[in-house]
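In what follows, a single structure is set out as structure tokens and then discussed.
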Amino acid sequence: SKRILIKKKSSEYAEKSMISKLKVRCGAQFTGKMEGMVKDLLTGENLKKQFKDYVQKMQKDDNKLNGNDCTVANIEFSVDLLTTGWWPSFKKMNLSYPENMTRCMEVYQKFYEEQNNHRKIKWLHSLGQATVRGKFVKADTSFQVTTLQAVCVLLFNGHEPSEEKGGQGWLAFGDIHKQLGCEEEMITKRVLHSLSCGKFPILLKTGRPKRIDKEDKFAVNIKFHNKKKPRGFKIPMPSLEESHNPKKVEEDRSIAIEAAIVRIMKARKTLDHQELMTEVLRHLHFFHPNPRAVKRRIEHLIEREYLMRDENESNKYIYIS
């Protein structure tokens with residue numbers, strides 16, 4: 001899902017082709033959310049055009065038309081609108097935006113509410129992308145960051161650092177954390193680590209070189225210069241989610257088990273319990289599901305009327321078409 005959102009895809013045709021192959025192999029239930037994600041992004045392009053027209057009309061009415069860009073509060077701004085049911089649950093967090101970024105969200109909120117009276121928008125701060133223009137001694141440089149990183153970088157506007165480490169113009173970790181508005185200090189630490197300890201250190205820091213501590217202070221690295229990519233680069237942001245989430249793994253496996261059961265029963269129409277269990281375990285040999293988990297998914301499918309028990313033999317299942 002994140003790969004699609006950050007536009008790391010070869011083509012729309014390749015995405016649809018891969019989903020079609022998975023649909024044949026694993027069933028429509030398995031690929032339903034994937035199809036919804038792609039559909040969201042396709043319909044989202046039309047919504048972006050409508051928003052662009054809305055902004056330009058608003059600027060024209062205020063005699064503040066800025067060319068053909070979709071510009072709000074001096075920011076070229078667009079939104080990817082995601083349908084809750086199709087996408088996985090992403091990490092939610094509080095974030096204190098600068099005034100001009102807040103203005104962008106307010107304008108979009110008003111635009112969306114005018115079209116959809118009964119729907120609400122929830123902003124996902126952890127998924128946004130931004131291009132920031134940095135003014136350094138050797139050259140001005142554009143770089144791509146996440147929304148979190150961009151908000152953090154903008155805190156340093158107007159803070160000219162002194163040559164003395166930790167002196168005037170240096171911001172303390174506690175102040176940065178408070179101004180970001182994040183509840184978890186770990187999020188602030190990961191953001192600052194990516195900006196000061198990574199491949200592109202646009203921030204300077206005090207303290208230990210590769211660690212972020214609460215006592216550290218930070219400032220803009222005005223002498224920063226990237227010889228290999230002087231025109232622009234992307235600063236990677238570490239994941240804010242656990243690399244191995246047991247609940248997420250269990251959820252994904254449950255979907256795969258249900259898809260296998262439906263696919264087998266659709267082909268066979270009628271099977272007794274032991275035959276169905278054997279078939280499911282054979283089809284899902286790549287992760288060897290627990291037989292108890294398979295039994296639970298069968299019960300769920302009966303409750304949702306995908307299957308039913310034979311009236312004469314309770315150990316036999318019938319597929320409901």
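The values are calculated or read from the model by the stated rules, or taken from the named source; none is laboratory data. Quick caveat, the model's predicted, so the values are computed rather than measured. With ideal geometry, Cβ positions are generated from the backbone for all residues, glycine too; neighbour counts draw on all protein chains shown. These area figures cover heavy atoms from the full protein model, side chains too; ligands, DNA and RNA do not enter into them. Shrake-Rupley method; radii C 1.70, N 1.55, O 1.52, S 1.80 Å.
Numerical summary
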read-out: Local electrostatic count, I212, Cβ distance below 15 Å [Lys/Arg +1, Asp/Glu -1]; value: +2
read-out: Rounded to whole Hz, the Karplus (6.51, -1.76, 1.60) HN-Hα couplings of the range 180-185, x for glycine and proline; value: 5, x, 6, 6, 9, 5
read-out: At R0 = 25 Å, FRET efficiency that the Cβ-Cβ distance of N74 and K49 yields, to 0.05; value: 0.70
read-out: Size of electric dipole in the chain: Cβ of Lys, Arg +1 and of Asp, Glu -1, about Cα centre, debye, nearest 20; value: 1220
read-out: G134 long-range amide H proximity, modeled H, under 5 Å; value: T141, S142, F143
read-out: Along the chain, longest interval not containing exposed GluC sites (Glu not before Pro), exposed being DSSP loop plus at most 15 other Cβ atoms within 10 Å; value: 1-162
read-out: Karplus 3J(HN,Hα) series, Hz, for the range 39-46 with 6.51 cos²θ - 1.76 cosθ + 1.60 (x for Gly, Pro); value: 4, 4, 5, 5, 5, x, 5, 5
read-out: Helix 12-26 axis, angle to the chain major axis (alpha carbon atoms, nearest 10°); value: 30
read-out: Added length on full extension, which subtracts the Cα-Cα distance from 0.36 nm per residue, E313 to A14; value: 103.0 nm
read-out: Carbon + sulfur, % of accessible area of the range 120-191 - ligands and nucleic acids excluded, 1.4 Å; value: 46
read-out: Backbone HN-Hα couplings from phi across the range 221-229 [Karplus 6.51/-1.76/1.60, Hz, Gly and Pro as x]; value: 8, 5, 8, 4, 8, 9, 5, 6, 10
read-out: Amide H contacts of L204 (H built 1.01 Å from N, under 5 Å, at least 5 apart or other chain); value: A219, V220, N221
read-out: Ellipticity estimate at 222 nm from DSSP helix runs (n ≥ 4, -39,500 (n - 2.57)) divided over the chain, nearest 500; value: -14500 deg cm²/dmol
read-out: Accessible surface, per residue, of the chain when the full set of protein chains is kept, probe 1.4 Å, Å²; value: 64
read-out: Where labels lie 7 Å past Cα in the beta-carbon direction, separation of S96 and E185 in nm; value: 1.7
read-out: Estimated dipole of the range 227-321 in Debye, rounded to 20 [Cβ of Lys and Arg +1, of Asp and Glu -1, Cα centre]; value: 1080
read-out: The chain, relative contact order [Cα under 8 Å, separation at least 6], %; value: 13
read-out: Computed magnitude of the charge dipole of the range 116-236 (debye, nearest 20; Cβ of K, R +1, Cβ of D, E -1); value: 700
read-out: For percent of Cα pairs over 38 Å apart, calculated from these coordinates, the label among (1) 25; (2) 35; (3) 41; value: (2)
read-out: Inter-centroid distance (Cα atoms) of the range 89-108 relative to the range 292-321, Å; value: 46
